[in-house]
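Take a look at the structure below.
The values are calculated or read from the model by the stated rules, or taken from the named source; none is laboratory data. No experiment lies behind these values; they were computed from the predicted model shown. We place every Cβ from the backbone using ideal geometry, glycine too, and count neighbours over all the protein chains shown.
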């Protein structure tokens, strides 16, 4: 489930949602009809095995979401409808604050201001920027929510650049506008301040993970304890599935044929994946990745195809997956081992075959997750 890396996927796009799936739907299915979506392997069961599974799905942030809730007691339709409306409301609220497409969002208004005066933001936006800054520091700047101008310059933004590849002078100029330390935070006042008026933020690398955490919190507040929340491939799993087992989540194989590379059992954990294989383009006769290293201003050239991270919070898994994808299979792996992070690196060898490299913390998860046959989408 590759997450958007950096700004390339343009994840918080309200306009794309209008052409997508319905804003929110509520469905209840028995275990026998449980549709295990392409990358969520939930061991579909025989008839009458376990309690019913309630499915809420729709569109948000330029992508889709799916929430699966297991209940033992009867759940009236009115109660399910309230939960469905609450899920959509949480997602809409986050998008309205953090979208860089919606002109009225907090983030868009912050970006338009060409001043270094403090700018007040909501608790949600402040928390996401705070988390992003902390993860930027942990990854030595590999995760950087100000990298947007460089992403645009390499042709992965909403407007095609006049020149590709950008020349050294242009990259040098843009790198002067990039740097996570250029956004200062004041927790007491809940404000953000630019150190340079031209700096802009893009929260795509962490906002979906935060949205998953917020939906999970809303479910807990409603007294629900067994659920799986997924937004654009970022996941939180709580409790057990309809078979009273840990939720089994598939990690996509980053090859042309797709399929499942590994299956991980999760319970009260989050997982996010960042990869370079879904968004590339040809420039001067060679294919380049949408993953831009903010430290060099250029697309990464290593052989890391994707990295999956398991953490307690999805916003952390989301941001770390992006940072480790930038760092690559050697520096990223070394940092993940040093920090004790659970991460699986899928690396291409010279022949294009995929090699797995799991940190010790991730290997511990795999011992409880037997291999699975690839499943088709419902």
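A few remarks follow.
- Filtered residues of segment 238-269 (kept if within 18 Å of residue 355 (Cβ to Cβ) and in a loop (DSSP other than H, G, I, E, B)): 253, 254, 255, 256, 257, 258, 259
- Residues that are more than 23 Å from the chain's Cα centre (by Cα), modelled with pLDDT of 55 or more and more than 30 Å from residue 177 (Cβ to Cβ) number at least 1 in the following helices (runs of 4 or more DSSP H) confined to segment 1-116: 77-98.
- Test: residue 284 is surrounded by fewer than 22 Cβ atoms within 10 Å (Cβ to Cβ), modelled with pLDDT of 80 or more and on the phi > 0 side of the Ramachandran plot: no
- The residues of segment 126-148 that are buried (at least 24 other Cβ atoms within 10 Å of the Cβ), in a helix (DSSP H, G or I) and more than 16 Å from the chain's Cα centre (by Cα) amount to a single one, 148.
- One residue alone among 192, 224 is buried (at least 17 other Cβ atoms within 10 Å of the Cβ), at pLDDT 90 or above, over 21 Å from the mean Cα position of the chain (by Cα) and not in a loop (DSSP other than H, G, I, E, B), and that residue is 192.
- Sole residue being surrounded by fewer than 22 Cβ atoms within 10 Å (Cβ to Cβ), farther than 30 Å from residue 80 by Cα, touching a residue at least 60 places away in the same chain (Cβ under 8 Å) and touching a helix residue (DSSP H, G or I) at 6+ places or on another chain (Cβ under 8 Å), chosen from 203, 171: 171
- Matching residues in segment 348-374 - criterion: being at pLDDT below 75 and touching a helix residue (DSSP H, G or I) at 6+ places or on another chain (Cβ under 8 Å): none
- Residue satisfying condition, being closer than 24 Å to residue 127 by Cβ, surrounded by 19 or more Cβ atoms within 10 Å (Cβ to Cβ) and either out of contact with any helix residue (DSSP H, G or I) (no Cβ under 6 Å at 6 or more places or on another chain) or at pLDDT below 90 (or both), within set 272, 342, 321, 311: 321
- For segment 287-308, the set of residues classified as under 16 Å from residue 347 (Cα atoms), at pLDDT 90 or above and outside any loop (DSSP other than H, G, I, E, B) consists of 304, 305, 306, 307, 308, listed by residue number.
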